[in-house]
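A.B. asks: Quick one: the structure is below, and I'll ask about it shortly.
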Amino acid sequence: MPRMAKVLLVLVVFVFALGVTPVSAMTTLVMGTGKPGGNYYTFGKVLAEVVNEESAESGIRIKVVASEGSVENLKGLESGKYQLALAQADMVFFATTGRGPWKKAGSQEKLRSIYEVYTEAVTCVATEASGIRSGKDLKDKRVALGTKGSGTRTNALEVLKYNLLRPSDLGQALDVGPIQAERLMYQGKLDAFFYTIGHPNPTLQKFLEYYGKARLVALPPSPGMLLQNPYFVEYPIWISDYPGTHNKEGKVPTFGIEAYLMSSNKVPAKVIYEVARLFLANLDVFKSRLKVMLEVKPLERYKIKDNAWIAPYHEGMLKLFKGVGLI
C-alpha cells in the first residue's frame with residue numbers, strides 16, 4: 001500500500017475512534033424562520049447555536065433562513081425546502097385541513113409538530129387621535145391588515161369578521177406589513193395596524209416609545225370565537241412592557257395563538273429527537289435571549305396535547321416523550 005494511502009487510512013480510523021462524525025455524514029437542516037430581528041428569526045439563531053455546538057457528536061447542523069413567516073414556512077416544509085420551521089397553530093390547522101391559504105392546494109399531510117415555543121398575540125396598534133378603542137371602531141379607518149398570505153392578515157380578517165366588518169367597510173384596507181405600517185403611521189397616513197407577535201416585542205417597544213401617540217387596542221375574544229377556533233386562547237398584553245403607549249390600564253385583553261416548532265414526516269425520527277432534546281436541555285438559554293419564552297414549560301412539566309386538530313407530533317418527539325414517561 002502506498003505511503004499516502006496508509007496515512008489516510010490511519011486518519012480515518014483515528015477519527016472514528018474518537019467518535020467524531022465525518023463532515024460527509026453531516027445532516028444539515030434548513031430552518032424557515034421570519035424577518036431578521038423578529039422572534040422567529042432569533043429563535044432560529046439560538047436553536048442553530050445550541051445544535052451546531054454539538055454537531056461533531058450528533059452529525060446535525062441547522063442553517064437558518066429568513067422568511068415571511070408561518071405560511072411560507074409551512075409551504076417550505078411540505079415542498080422539502082425546509083426541514084424545520086416555526087408557525088402559528090392556526091396556520092398549521094389551515095394547512096392540515098386545506099383551508100385559508102391552502103384552500104386550492106388541499107390538506108397538507110406531511111406536517112408534524114415538535115413543541116410549542118410561545119404564544120403570539122393578535123395585536124392592534126392605533127393612533128390616539130383615531131379614537132379606536134375596540135375592533136368595531138375600525139370602521140371607516142385606514143388600517144394595515146398585513147401582507148397577503150401572512151398570519152397577521154389572516155388574524156386581522158378574523159377580528160373584522162367577529163366585529164361584523166369586512167375590508168370594504170374600512171376607510172382604507174392596506175396590504176402592508178408592520179414595518180411599512182409603522183412608517184405610514186409616522187407620516188400620518190394610517191390610523192391602525194395589526195401585528196401578530198409574541199410579547200414583549202422589542203420592535204414594537206421602540207416604535208411606541210419613539211412615536212409616542214399610539215395605544216394598543218382591546219380585542220377580547222368572545223366565548224363563541226374561542227369555541228369555533230380551538231387554536232385561539234385568551235391572552236393579556238401587559239402595559240408595563242410598553243411604557244410608550246397611551247394605555248392607562250394594567251393590561252389589554254386580546255387573543256393569541258401558540259407558535260410551534262414544526263417539521264415534516266420526511267425528516268428521520270432520530271434527527272428530530274436530537275434537535276428536540278438539545279432545545280429542551282437548553283431552555284434556559286432560550287429564555288435569557290427571548291423574553292416571550294419565559295412561560296414555556298420544561299419537558300418534565302409538559303402536558304401532551306391532542307394535536308389532531310393541528311398536526312400530529314413527530315415520531316422523534318413521541319420517542320422523547322416516551323423516554324421521560326409522558327406516554
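The values are calculated or read from the model by the stated rules, or taken from the named source; none is laboratory data. All values derive from a computational prediction rather than experimental measurement. Here the Cβ positions follow ideal geometry from the backbone for every residue, glycine too, while neighbour counts run over all protein chains shown.
A.B. asks: Of all residues in the range 281-327, which are part of a helix (DSSP H, G or I) and among the β-branched types (V, I, T)? If you could, list the steps in order and put the result at the bottom.
C.D. replies: Taking the range 281-327 and keeping what is part of a helix (DSSP H, G or I), we get 281, 283-289, 291-293, 299-301, 307-309, 315-323.
Within the range 281-327, V285, V292 qualify.
A.B. asks: Considering only residues that are touching a strand residue (DSSP E or B) at 6+ places or on another chain (Cβ under 9 Å) and among the small types (G, A, S), which ones fall in the range 254-289?
C.D. replies: Of everything in the range 254-289, those that are touching a strand residue (DSSP E or B) at 6+ places or on another chain (Cβ under 9 Å) and among the small types (G, A, S) turn out to be G256, A259, S263, S264, A276.
A.B. asks: Restrict the check to the range 261-280 and report whether at least one residue is at pLDDT below 95, small (G, A, S) and assigned to a strand (DSSP E or B).
C.D. replies: No: the range 261-280 contains no residue that is at pLDDT below 95, small (G, A, S) and assigned to a strand (DSSP E or B).
A.B. asks: Something else now. With respect to E116, determine if the residue is in a helix (DSSP H, G or I) and touching a strand residue (DSSP E or B) at 6+ places or on another chain (Cβ under 7 Å).
C.D. replies: So E116 does not fit the description; no.
A.B. asks: Looking at the range 288-309, which of its residues are of a type in the set (A, V, I, L, M) and in contact with an Asp or Glu (Cβ under 9 Å, 6 or more places away or on another chain)?
C.D. replies: Listed by number, the residues that qualify are V292, V296.
A.B. asks: Of the residues L160, L190, L226, L216, which single one is in contact with a helix residue (DSSP H, G or I) (Cβ under 8 Å, 6 or more places away or on another chain) and free of Cβ contacts under 8 Å to residues at least 40 places away in the same chain?
C.D. replies: Every option except L160 fails the conditions.
A.B. asks: From G34, G59, which residue is among the small types (G, A, S) and on the phi > 0 side of the Ramachandran plot? Give the derivation first.
C.D. replies: Working: G34 fails: on the phi > 0 side of the Ramachandran plot.
The unique qualifying residue is G59.
A.B. asks: Shifting gears a bit: So which residues in the range 172-187 are touching a residue at least 12 places away in the same chain (Cβ under 8 Å), surrounded by fewer than 23 Cβ atoms within 10 Å (Cβ to Cβ) and not aliphatic (A, V, I, L, M)?
C.D. replies: The answer is Q172, D175, G177, Q180, Y186.
A.B. asks: Looking at V267, V252, which is the one that is in contact (Cβ under 8 Å) with a residue 60 or more places away in the chain and among the β-branched types (V, I, T)? Steps first, answer last, please.
C.D. replies: Working: V252 fails: in contact (Cβ under 8 Å) with a residue 60 or more places away in the chain.
Only one candidate qualifies: V267.
A.B. asks: Could we say that V275 is over 30 Å from C124 (Cα atoms), among the β-branched types (V, I, T) and without any contact (Cβ under 8 Å) to a residue 40 or more places away in the chain here?
C.D. replies: no
A.B. asks: Inspect the range 187-201 for any residue being outside the structural domain of Y41 (by TED's automatic domain parsing), under 22 Å from the mean Cα position of the chain (by Cα) and polar (S, T, N, Q) and give the result as yes or no.
C.D. replies: Pass one, the range 187-201, residues outside the structural domain of Y41 (by TED's automatic domain parsing): 187-201.
Among the residues that remain, those that are also under 22 Å from the mean Cα position of the chain (by Cα) are: 193-201.
Filter again for polar (S, T, N, Q), leaving 196, 201.
Yes, the range 187-201 has at least one match.
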